[in-house]
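Single-structure report; data block below.
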Amino acid sequence: MSMQVKQSILKIHPYKQGESEVNGVKATIKLSSNESSLGPSPRAKAAFIKAAQELNRYPDGGQTELRKAIAEAYQLPADQIVCGNGSEELIQLLIRAYCSEGDEVLMSENGFVMCKIHSLAQGAVPVFAPEKNDCIDVDALLQRVSSKTRMVILANPNNPTGTYVTRSEVERLHAGLRDDILLLLDGAYAEYVSREDYTAGASLVQENDNVVMTRTFSKIYGLSALRIGWAYCPISVIDIVQRIRTPFNTNSPALAAAAAAVLDVDYTETVRRHNQKWLDRFQAALPKIGIDMLESVTNFYLLRFPTNQNRTMQGADAALKSQGIIPRPTQVGDSQELRITIGNDAENEAVLAVLKDYMAA
Ligand SMILES: *Cc1c(COP(=O)(O)O)cnc(C)c1O
């Protein structure tokens, strides 16, 4: 007799990481995973190296220093913050805590794949709402709420579109949900956004018992390798997460580097400005050469190619790879796109040059 696996797990396709090689050769320019080409704050690196002196000690299970640093930087209460092995772990813990077999987890069409994977692993049913004009559609989400809905997960800004929904739309979504549904706001790219009408959701967490905001050190803070993220939660939710979190889910070098990174406000602002400069530059240049770029507020941009000129996503992908540049092919709705991360100056110049040649050939 063979072992019995939970049936819903067989529906999961393992997560595929962005590529990092072309034909077996390590790529010179990896722009497939929305990592920071500028890297972390020098203070974060120094803290990491210092932490290496005490690798024989268990990490601080209370995550005290990092929670304090986040509380200071974001003006939030430290006792409502919990850190995870990437924000992804926190999303997983919340799904595990609040969803049982047959419950529904509602998300947007292009939602973060890991949310689907963790829902299925739990025996819960992921439900997807279509998007409108490449944006999350609050009405479509609200229409799909059922008596079985336990959680609604919103990545805002969204990936891979790079678009966002406004504060008032997030509030309208929350107002349309029952009190027993947890609204999870995934703000992985929040630090890049400088729009008056955007909120990552901290005030919604503060004012309600059923909203959680997750954030990460993998993107603007440039610490993807360390796997560290955090969540701002109502006290009642913190209590639940603390029961199932493993005591040492976040390691000492990650805790130390993240604390230094979050307090280096000037460095973060430099990275944000660099990013905005390039978003503006791509937005101005790409339409001129016939490529449609969605208006992004993140550290990546989504490119759509004309359907009538023999200039395709696959062709552009191959042209970039021939120069050692790796973008991420994706699909939004029926059309195929390229998602490319903002790199450093030289990397971005290289991308522009290849795309210009490709479109002109
Ligand atoms: C990159 C990303 C994250 C961050 O995940 P970590 O586990 O913190 O590295 C979360 N959500 C979305 C939508 C992302 O694109």
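The values are calculated or read from the model by the stated rules, or taken from the named source; none is laboratory data. From a predicted model like this one, the values you see are computed outputs, not experimental measurements. Counting neighbours? That spans all protein chains shown, and the Cβs are built from the backbone with ideal geometry, glycine included.
From the list SER224, SER194, which one is surrounded by fewer than 24 Cβ atoms within 10 Å (Cβ to Cβ) and either outside the structural domain of ARG150 (by TED's automatic domain parsing) or more than 14 Å from the chain's Cα centre (by Cα) (or both)?
Selected residue: SER194, the only one of SER224, SER194 that is surrounded by fewer than 24 Cβ atoms within 10 Å (Cβ to Cβ) and either outside the structural domain of ARG150 (by TED's automatic domain parsing) or more than 14 Å from the chain's Cα centre (by Cα) (or both).
Counting only residues that are crowded, with 20+ Cβ neighbours inside 10 Å and assigned to a loop (DSSP other than H, G, I, E, B), which one in region 113-133 is nearest to the chain's Cα centre (by Cα)?
GLU131
Scan region 305-361 for residues that are in contact (Cβ under 8 Å) with a residue 40 or more places away in the chain, closer than 19 Å to PHE282 by Cα and aliphatic (A, V, I, L, M) and jot them down.
Those that are in contact (Cβ under 8 Å) with a residue 40 or more places away in the chain, closer than 19 Å to PHE282 by Cα and aliphatic (A, V, I, L, M): ALA316, ILE325, ILE326, ILE340, ILE342, ALA350, VAL351, LEU352, LEU355, MET359, ALA360.
In region 77-120, what count of residues is obtained for those that are under 30 Å from ASN251 (Cα atoms) and away from the ligand (no atom under 16 Å from the Cβ)?
9
Go through region 187-228 and give me each residue that's of a type in the set (Gly, Ala, Ser) and away from the ligand (no atom under 16 Å from the Cβ).
SER194, ALA202, SER203
Could you please let me know if LEU184 is in the same structural domain as GLN143 (by TED's automatic domain parsing), within 16 Å of the ligand (Cβ to nearest atom), hydrophobic (A, V, I, L, M, F, W, C) and outside any loop (DSSP other than H, G, I, E, B)?
yes
Looking at this structure, is ASP239 surrounded by fewer than 17 Cβ atoms within 10 Å (Cβ to Cβ) and more than 17 Å from the chain's Cα centre (by Cα)?
yes
Where the second residue is in a loop (DSSP other than H, G, I, E, B) and surrounded by 16 or more Cβ atoms within 10 Å (Cβ to Cβ) and the first is aromatic (Phe, Trp, Tyr) and lies in region 143-172, which pairs have Cβ atoms under 6 Å and are six or more apart or on separate chains?
The qualifying pairs are TYR164/ASN156; TYR164/PRO157; TYR164/TYR198; TYR164/VAL297.
For ALA231, all conditions in the list (1) outside any strand (DSSP E or B); (2) more than 10 Å from the ligand (Cβ to nearest atom) hold save one; what is the number of the exception?
Result: ALA231 fails condition (1) only.
Of everything in region 203-228, what is part of a loop (DSSP other than H, G, I, E, B), among the hydrophobic types (A, V, I, L, M, F, W, C) and over 16 Å from LEU76 (Cβ atoms)? Give them in sequence order.
Matches in region 203-228: ILE220, LEU223, ILE228.
Might you let me know whether region 168-181 holds any residue that is in a loop (DSSP other than H, G, I, E, B), at pLDDT 95 or above and within 15 Å of the ligand (Cβ to nearest atom)?
No, there is no match, as no residue in region 168-181 is in a loop (DSSP other than H, G, I, E, B), at pLDDT 95 or above and within 15 Å of the ligand (Cβ to nearest atom).
Could we say that LYS288 is part of a helix (DSSP H, G or I) and among the basic types (Lys, Arg) here?
Yes; evaluated as a whole, the condition is true for this residue.
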